[in-house]
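The values are calculated or read from the model by the stated rules, or taken from the named source; none is laboratory data. What you see is a predicted model, and the numbers here were worked out from it, not measured in a lab. Cβ sites come from the backbone with ideal geometry, for glycine too, and all protein chains shown count toward neighbours. What goes into the accessible areas is simple: the full protein's heavy atoms, side chains included, and nothing from ligands, DNA or RNA. Shrake-Rupley method; radii C 1.70, N 1.55, O 1.52, S 1.80 Å.
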Amino acid sequence: MTAPQAPTAGGSGPDDPDGPDSADDRPDPATRLLEVVAIPAMVGMGGLVALQSDVNGRLAGELGSGLRAGTAAAVVSFGSGLVVLALVALLVPRVRREAYAIVGAARSGALRPWQLLGGVAGASLVASQGITVGTIGVALFVVAVVAGQTSSALLVDHLGLGPSGRRAVSGGRVVGAALTLVAVVVSVSGRLEGAGALTGAALLLALLPLLAGAATSWQQAVNGRVSGVGGPMAAALLNFTVGTTCLVLLLVVSLAVRGELTGPPDLPGGWWLYTGGLMGVVFISGAALLVKVHGVLVLGLCTVAGQVVASLLIQGVSGDHLDLTTVLGGLVALLGVAIGAWASRRTTAAGTSRPATRAAG
C-alpha cells in the first residue's frame with residue numbers, strides 16, 4: 001500500500017475535493033463547448049437586435065413621428081412576436097407544459113412577482129426612446145442606454161440575480177464593460193459632435209434611457225430565472241405578454257392625452273416591416289437560454305458588440321460612408337467582449353461565481 005501524497009504548498013493534495021484541481025470544479029467538455037459557442041451566438045443575437053431596430057425604425061417612420069409612432073411600431077413588433085409565441089404554445093405541447101410550469105411556480109412562490117415583469121423593461125426602453133430622442137438625439141440615447149446596461153449588469157451579476165449565480169466585480173470585468181462603452185461612444189462620436197446634444201438639459205433628460213438601459217440587465221436576469229423554471233420559449237411568451245400589455249396601455253394613454261383616440265393607425269405595406277417581432281422572439285428566447293452560461297454582463301457586452309458590428313454591415317450594404325472611428329468602435333467593442341468573457345471565466349474557474357447546485361437526494 002502506498003502512502004497518501006502530502007498536500008502541496010497551496011494547502012490541497014490531489015485527493016482533496018476542495019482543492020483547485022478537483023474534478024468537480026472543472027467543467028466537462030460539453031460545458032466548455034457551450035461556453036465557447038455561446039460568445040459568437042450572443043454577438044449574433046446582438047446583430048439581430050440592430051437589424052430589428054432598423055426595421056422597427058422604418059416602420060415608425062411610416063407611421064409618423066414622436067412617441068405615438070414609436071410606441072405604435074413597438075406595439076406591432078411586440079404584438080406580432082406575441083402572436084408567434086402563442087401559436088407555438090398552441091401547437092407544441094412541451095411549450096404549453098413549460099408555460100403551465102411558470103404559472104405553477106408563480107402561484108407557489110418559487111418565482112416571485114417581480115421576476116415575472118421582465119417585459120416591463122422592454123416597454124420602458126421604447127417609451128424612453130420616444131420621449132427623449134427628439135431632444136437629445138439618437139447618439140446620446142444609445143450611449144446612455146449602453147452606460148446604464150453595462151454598469152447595471154455588473155451589479156446584477158454581483159448580487160446573483162441571474163441564473164448563473166453571483167459573479168464578483170473583478171478588474172477584468174470592469175475593463176470589459178468600460179471598453180464596450182468607449183466603443184459605443186467612439187462609434188457615435190461624429191453624431192454627438194454634429195448634433196451639439198451635450199447641453200445640461202439634454203444630459204438630464206438622458207437619465208431616462210440610462211435607467212431604461214439599467215432595466216434591461218435586470219430583464220435578462222429575471223428572464224433567465226423564468227427560463228430555468230419553464231424553458232426559454234415559455235419565458236419569452238411571458239416577456240412578450242407583459243411587454244405588449246404595457247405598450248398598448250402607453251399607446252392608449254398617449255393617444256388619449258393628444259385627443260387622437262380615434263382608432264388604429266393605417267399600417268403601411270411591405271411584409272418585411274413586420275419581421276421585428278420574430279427577431280425579438282429569437283433574441284429574448286436565446287438570451288433567456290444563454291444568460292446562464294456567462295452571466296448578465298457578458299451577455300450585455302456581446303449584444304452591444306453585435307449591434308455595433310451589425311450597424312457597420314448595415315451601413316455598408318446601404319452604401320453609407322464608413323469612417324475610421326466607426327470601424328474602430330466595432331473593434332474596441334469586440335475587444336471588450338473578449339476581456340469581459342475572459343475575466344468571467346477566470347472568476348468561475350476560481351469558484352467565486354459558480355451558481356449553487358442542489359444537493360444530491
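For region 61-84, check the following and say yes or no: at least one residue is among the acidic types (Asp, Glu), assigned to a helix (DSSP H, G or I) and under 25 Å from Arg225 (Cβ atoms). No, because not a single residue in region 61-84 is among the acidic types (Asp, Glu), assigned to a helix (DSSP H, G or I) and under 25 Å from Arg225 (Cβ atoms).
Yes/no per residue for (1) in contact with a Cys (Cβ under 8 Å, 6 or more places away or on another chain); (2) buried (at least 22 other Cβ atoms within 10 Å of the Cβ); (3) within 16 Å of Ala153 (Cβ to Cβ); (4) free of Cβ contacts under 8 Å to residues at least 40 places away in the same chain:
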residue	(1), (2), (3), (4)
Gly243	no, yes, no, no
Val252	no, no, no, yes
Tyr274	no, no, no, no
Leu290	no, yes, yes, no
Gly300	no, yes, yes, no
Val304	no, yes, yes, no
Leu313	no, no, no, no
Ser344	no, yes, yes, no
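Given (1) modelled with pLDDT of 85 or more; (2) open to solvent by 40 Å² or more (accessible area, probe 1.4 Å); (3) small (Gly, Ala, Ser), identify the lone condition not met by Ala38. That leaves (2) as the condition not met. The single condition from (1) under 30 Å from Leu205 (Cα atoms); (2) hydroxyl-bearing (Ser, Thr, Tyr); (3) open to solvent by less than 50 Å² (accessible area, probe 1.4 Å) that Ser65 fails is (3). Looking at Gly228, Gly224, just one residue is open to solvent by 10 Å² or more (accessible area, probe 1.4 Å), part of a helix (DSSP H, G or I) and not hydrophobic (A, V, I, L, M, F, W, C), and that residue is Gly228. Taken residue by residue, region 106-120 has at least one member that is more than 20 Å from Val291 (Cα to Cα) and either open to solvent by less than 10 Å² (accessible area, probe 1.4 Å) or in contact with a Pro (Cβ under 8 Å, 6 or more places away or on another chain) (or both). For region 150-193, taking the residues that are surrounded by fewer than 24 Cβ atoms within 10 Å (Cβ to Cβ) and basic (Lys, Arg), the one that is modelled with the lowest pLDDT is identified as Arg191.
Criterion applied to Leu91, Leu85, Leu111 was being touching a Ser or Thr at 6+ places or on another chain (Cβ under 9 Å) and hydrophobic (A, V, I, L, M, F, W, C), and the one residue passing it is Leu85.
Applying the condition of being among the β-branched types (Val, Ile, Thr) and touching a residue at least 60 places away in the same chain (Cβ under 8 Å) to region 93-118 and asking which residue is farthest from Gly286 (Cα to Cα) yields Ile102.
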